[in-house]
């Protein structure tokens, strides 16, 4: 009889703990649950003191994963949009992208090495012959809390045809190819 009472007591305690965890989790994620977000509107950014590089709701917030940078919201562009902007009006595109720090999303066309030191990622655009070139930093952020690794280790995580996101500084256009400098691969390279 006492064994049955113990089993019931343990089950009730476990049920109470699960209920508290469920309530605690729902309390943190209840911001505008009922409101539909329009297409194209990004999720709320994390507070500046939150850990960076940790996916929330399956995606990274549009803030820099580099702890040395401010936690401000970064603009997000598609690689095809950058190429098209340069084709439409080079001067206007230069004013918009050159020297600005932003996130570029697209599909990896390949990772290549130029010389001994430079590793770059080609991001596919609507024109198969014209990628956007992202020159990668030697030191990459390879995990949450700013864990650092060499570019070669980070580059092995990217496969051709895989969705990628990089955060970079626009560097203009060279030989009709938009160039991005000082790039960090974001996330698990998606």
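The values are calculated or read from the model by the stated rules, or taken from the named source; none is laboratory data. Because the structure is a prediction, the values reported are computed rather than measured. Positions of Cβ are generated from backbone atoms using ideal geometry, with glycine treated the same way; all protein chains shown enter the neighbour counts.
Filter region 141-165 down to the residues that are touching a strand residue (DSSP E or B) at 6+ places or on another chain (Cβ under 6 Å) and closer than 16 Å to residue 68 by Cα and list them by number.
141, 142, 148, 149
Could you list, in sequence order, all residues of region 127-154 that are outside any strand (DSSP E or B), modelled with pLDDT of 90 or more and surrounded by 15 or more Cβ atoms within 10 Å (Cβ to Cβ)?
130, 131, 137
Kindly indicate which of 122, 61, 85 is surrounded by 15 or more Cβ atoms within 10 Å (Cβ to Cβ) and in contact with a helix residue (DSSP H, G or I) (Cβ under 8 Å, 6 or more places away or on another chain).
That would be 85, the only listed residue that is surrounded by 15 or more Cβ atoms within 10 Å (Cβ to Cβ) and in contact with a helix residue (DSSP H, G or I) (Cβ under 8 Å, 6 or more places away or on another chain).
Scan region 117-128 for residues that are more than 18 Å from the chain's Cα centre (by Cα) and under 17 Å from residue 156 (Cα atoms) and jot them down.
117, 118, 119, listed by residue number.
List every residue pair whose Cβ atoms lie under 6 Å apart, where the two residues are 6 or more positions apart in sequence or sit on different chains, the first residue falls within region 155-181 and is outside any loop (DSSP other than H, G, I, E, B), and the second residue, located anywhere, is modelled with pLDDT under 90 and surrounded by fewer than 16 Cβ atoms within 10 Å (Cβ to Cβ).
none
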